[in-house]
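As structure tokens, the structure follows; a few thoughts come after it.
Readers should treat all values here as calculations from the given coordinates under stated rules, not as data from a laboratory. Fair warning: this is a prediction, and the values are worked out from it, not measured in the lab. Don't worry about glycine lacking a Cβ; one is built from the backbone with ideal geometry, like all the others, and counts go over all protein chains shown.
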Amino acid sequence: MSKNKKMTIVLLILVVLIAIVPLFALKGAEFGGSDDAGSEMVEEIAGEYEPWFEPVLETILGDELPGEVESLLFCIQTGIGVGVIAFLMGRFVERKKWVEN
């Protein structure tokens with residue numbers, strides 16, 4: 001067996017272990033988001049905290065946004081950000097090609 005095949009097999013085994021070991025090592029663990037942690041800290045520090053403002057879309061609609069709409073808006077925001085970053089990286093690569101010639 002060649003050295004590359006051995007390395008590939010070792011890396012695949014390592015990837016599988018990285019994916020499977022946490023499932024058994026972290027049984028019963030609870031993972032919370034930063035929003036939950038922040039809310040808990042605010043409750044501990046200032047028990048009756050009132051927000052300074054209401055979310056804009058919730059104020060306009062008069063009701064909380066459904067989870068699907070929030071996910072859609074987050075995905076659109078992510079797509080725009082990725083598009084801007086990819087555009088800028090492409091410009092830098094092209095500029096480098098033009099400068100070298």
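Structure values in brief
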read-out	value
Unmet criterion (only one of (1) assigned to a helix (DSSP H, G or I); (2) loosely packed, with under 10 Cβ neighbours inside 10 Å) for Gly81	(2)
The range 51-67 residues that are of a type in the set (A, V, I, L, M, F, W, C), paired with ones that are part of a helix (DSSP H, G or I) (beta carbon under 9 Å, 6 or more apart)	Phe53/Thr59; Leu57/Val69; Leu57/Leu73; Leu65/Leu57; Leu65/Glu58; Leu65/Leu73
